[in-house]
Amino acid sequence: MSHPLFEIVTTTAGAVSIRNKKLNEIMHNPVGPMREANELYIEQSNLKWHLTQDLTTELVIYDVGLGAAANAIATLQAVKNSQRPVRLVSFEIDLELLRFALEHSTQLGYLSGYEDIVKTILADRYYEHENIKWQLHHGDFLDCIEDVNHKCHLIYYDPYSPKVNEAMWTTECFTKLRAKCQPRAMFYNYSQATAIRAALLEAGFYVGFGKATGLKNHTTQAATMLKDLKSPLDQRWLERWTRSDSQLPIGCQDASRLKNFILNHEQFTWPFNLGASAQNNWANRSLSRGLLK
Ligand SMILES: C[S@@+](CC[C@H](N)C(=O)[O-])C[C@H]1O[C@@H](n2cnc3c(N)ncnc32)[C@H](O)[C@@H]1O
């Protein structure tokens with residue numbers, strides 16, 4: 001019997017994935033669940049490198065929008081046998097997608113061998129093995145995030161798109177997330193939307209271009225420290241932003257305050273076009289203000 005909300009589909013790139021029939025969104029489209037999980041989140045965040053650093057401190061990873069658990073499984077695979085303890089904190093409002101994925105694990109492939117672990121997380125909201133602790137917060141992310149005790153180092157942010165999942169892309173939501181970041185934390189997401197980047201900036205992140213994936217020539221990274229961004233949004237982005245039809249974050253109440261904030265954001269004083277000595281001056285000034293560490 002077919003499921004009322006989900007169906008297994010083959011993407012245009014030939015990957016097996018899941019479509020939400022009501023929202024008409026295919027997960028990890030078109031490259032498929034594991035390729036997107038690995039390229040956009042695991043590899044881009046340099047997870048393997050993080051596992052070799054600071055071995056006595058637990059690495060905390062937020063998996064926002066657990067969904068069909070492709071990002072979570074890719075994380076479990078990557079951290080297996082690492083010496084550093086890892087805590088994976090997943091958030092999901094509706095576990096039906098994960099139950100559907102479990103029922104179709106043979107077709108999807110990536111859940112093979114992980115079925116019992118997924119059953120444990122569904123039943124107990126917690127799974128622990130060797131160096132890994134995996135906890136699940138079942139409920140609305142905007143509420144659950146308030147109660148999370150462990151501040152994060154890495155964020156894999158994967159809700160549905162802003163078109164159908166607005167509340168997860170507002171400044172308010174990103175501000176709550178920013179408050180749960182370690183002093184040095186990174187955020188990764190598939191969107192390249194101008195309004196989303198403006199919301200992240202307003203919430204207190206520095207924001208940059210992320211790796212290309214599928215049909216997108218770039219995605220979005222954000223960081224608590226500017227120096228951690230490989231490719232920060234620059235003056236050219238700022239110029240495009242001033243001309244954009246979608247420059248304001250979803251639900252923005254005070255456009256002129258927001259515009260003033262973005263135009264004067266510290267990130268855009270980065271001296272891309274200046275010579276070496278001016279760059280040094282800028283770095284010294286920023287160091288004294290705590291922008292660089
Ligand atoms: C694109 S799917 C996630 C795919 C998933 N990361 C994976 O690897 O399979 C988006 C997920 O975000 C969840 N979601 C949307 N809004 C949410 C909210 N307010 N709180 C928690 N989860 C939410 C949806 O229920 C859905 O399962």
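Computed from the coordinates by the stated procedures, all read-outs in this text should not be read as laboratory data. This structure is a prediction, so every number in the text was calculated from the model and none was measured. Neighbour counts run over all protein chains shown; Cβ positions are idealised from the backbone, glycine included.
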Computed helical MRE - 222 nm, the chain, DSSP H runs ≥ 4 contributing -39500 (n - 2.57), nearest 500: -8500 deg cm²/dmol
Report the extension gain between S112 and V9 in nm, rounded to one decimal, defined as 0.36 nm multiplied by the number of residues separating them, less their alpha carbon distance. 35.3 nm
Environment charge of D124, counting only residues whose C-beta is closer than 13 Å and scoring Lys/Arg +1, Asp/Glu -1: +1
Please give every one of the lysines within straight-line cross-link reach of K80, meaning a C-alpha to C-alpha distance under 23 Å, and leave out same-chain neighbours fewer than 8 residues apart. K48, K119, K133, K151
Suppose we look only past 25 Å in the calculated P(r) of region 1-114. What percent of the Cα-Cα pairs does that tail hold? 25
Take every Cα pair under 8 Å in the chain that's 6+ residues apart, average their separations, divide by the length, and report that relative contact order as a whole percent. 13
Semi-axes of region 30-288's equivalent ellipsoid from the Cα gyration tensor, sqrt of 5 times each eigenvalue, largest first, rounded to whole Å? 33, 21, 17
As an exercise, use a Förster radius of 35 Å and the Cβ-Cβ distance of T120 and S244 to find the FRET efficiency, rounded to the nearest 0.05. 0.15
